[in-house]
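Take a look at the structure set out below.
The values are calculated or read from the model by the stated rules, or taken from the named source; none is laboratory data. Being a predicted model, the structure only gives us computed values, none of them experimental. As a convention, Cβ positions derive from the backbone with ideal geometry for all residues, glycine included, and neighbour counts pool all protein chains shown. Accessible surface is based on the protein model in full, side chains and every heavy atom, while ligands, DNA and RNA are left aside. Shrake-Rupley method; radii C 1.70, N 1.55, O 1.52, S 1.80 Å.
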Amino acid sequence: MSKLDGSFFEKSPLFSGLERATLDGLARLCRGVELKAGAVLFRQEDRSDGCYILLDGVLSIYAQSPQGDETLLALLAGGDVIGEMGLVDGMPRSATAAALKPCELAFLSTANFNRFAEDYPKVYRQMLGIISTRLRQTNDVFAAYLLLPLGGRLAHVMLQLAQCLGHPLDDGRILIRQKITQGELARMTGSSRENVNRMLHTWRDEKIVTRINNYYCLERQDKLRDLVRA
């Protein structure tokens, strides 16, 4: 990856509003990290030793139950911060982060973050906003998984994928420009591959979600939103 400088952090909500010279100083406190698609950044219960700023790519964030079931909590894209909770409480990682597509990140250790934030306390205030947003997202996900049938959960995942990976077509449809397997969708929805397959066949027949060159295409986002709100 390219040498880190302040330009990498300008689109991160955690560091927005800071001068470029300040961000250049921050870059010197970080080290670059590259992940191939499918690689794990950290696992649930790993020791927290700092946070990551996602510079490019998409990360999937999963939580695992004691029974081994996985729940997709979020999909994160460029500018997002990962592992920020550990900076505050020092507790082990609360979820697993894995690359959905190749990623470039900057790692900022807890010690370096604290040193930086002492000079720029605005960062602490902005971190509270990020943590608050993350908690709301997590609450929304768990509410969906507790109350929604598979169709609603799968619709929720498809809309998240479209937000991070979607490519708008001329006619208003959204093409998800990443090959996602039914097994991956099953893990994201806490279901079986067979049930996901049946739901996708139903949606294909109803022209809600189709396939174009092995990519999923969202034909009717309004129908998917209705399923999430059901």
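The rows are residues; the columns are (1) assigned to a loop (DSSP other than H, G, I, E, B); (2) in contact with a Lys or Arg (Cβ under 9 Å, 6 or more places away or on another chain); (3) open to solvent by 10 Å² or more (accessible area, probe 1.4 Å).
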| residue | (1), (2), (3) |
| --- | --- |
| Glu45 | yes, yes, yes |
| Ser48 | yes, yes, yes |
| Cys51 | no, no, no |
| Tyr62 | no, yes, yes |
Just one of (1) part of a strand (DSSP E or B); (2) more than 12 Å from the chain's Cα centre (by Cα) trips up Leu73, so point out which.
(2)
If Gly78 meets every condition in (1) part of a loop (DSSP other than H, G, I, E, B); (2) open to solvent by 30 Å² or more (accessible area, probe 1.4 Å); (3) in contact with a helix residue (DSSP H, G or I) (Cβ under 8 Å, 6 or more places away or on another chain) apart from one, which number is that one?
(3)
Out of Gly78, Gly83, Gly57, which single residue is among the small types (Gly, Ala, Ser), within 19 Å of Gln160 (Cβ to Cβ) and touching a Cys at 6+ places or on another chain (Cβ under 6 Å)?
Gly57
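Select from the range 74-102 the residues that are of a type in the set (A, V, I, L, M) and within 19 Å of Ile176 (Cα to Cα) and write down the one among them that is modelled with the lowest pLDDT.
Taking the range 74-102 as the starting set, the residues that turn out to be of a type in the set (A, V, I, L, M) are 74-77, 81-82, 85, 87-88, 91, 95, 97-100.
With the extra rule that they be within 19 Å of Ile176 (Cα to Cα), the set shrinks to 74-77, 98-100.
On the way: Ala74: 81, Leu75: 85, Leu76: 87, Ala77: 84, Ala98: 94, Ala99: 94, Leu100: 89.
The qualifying residue modelled with the lowest pLDDT is Ala74.
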Answer from Asp69, Asp56, Asp46 - the residue that is out of contact with any Ser or Thr (no Cβ under 8 Å at 6 or more places or on another chain), closer than 15 Å to Ala98 by Cβ and acidic (Asp, Glu):
Asp46
So in the range 200-230, with the set limited to residues that are farther than 15 Å from Gln160 by Cα, in contact with a helix residue (DSSP H, G or I) (Cβ under 6 Å, 6 or more places away or on another chain) and of a type outside the set (S, T, N, Q), which one is most open to solvent (accessible area, probe 1.4 Å)?
Ala230
Kindly indicate whether Leu100 is open to solvent by less than 40 Å² (accessible area, probe 1.4 Å), farther than 27 Å from Glu184 by Cβ, in a strand (DSSP E or B) and of a type outside the set (Gly, Ala, Ser).
no
Looking only at the range 112-147, which residues are modelled with pLDDT of 80 or more and open to solvent by less than 60 Å² (accessible area, probe 1.4 Å)?
Asn112, Phe113, Asn114, Phe116, Ala117, Val123
Could you check how many residues of the range 1-36 are over 12 Å from Ala106 (Cβ atoms), assigned to a loop (DSSP other than H, G, I, E, B) and open to solvent by less than 60 Å² (accessible area, probe 1.4 Å)?
2
Pick from the range 179-199 the residues that are in contact (Cβ under 8 Å) with a residue 24 or more places away in the chain and open to solvent by less than 40 Å² (accessible area, probe 1.4 Å): which of them is farthest from Asp222 (Cα to Cα)?
Ser191
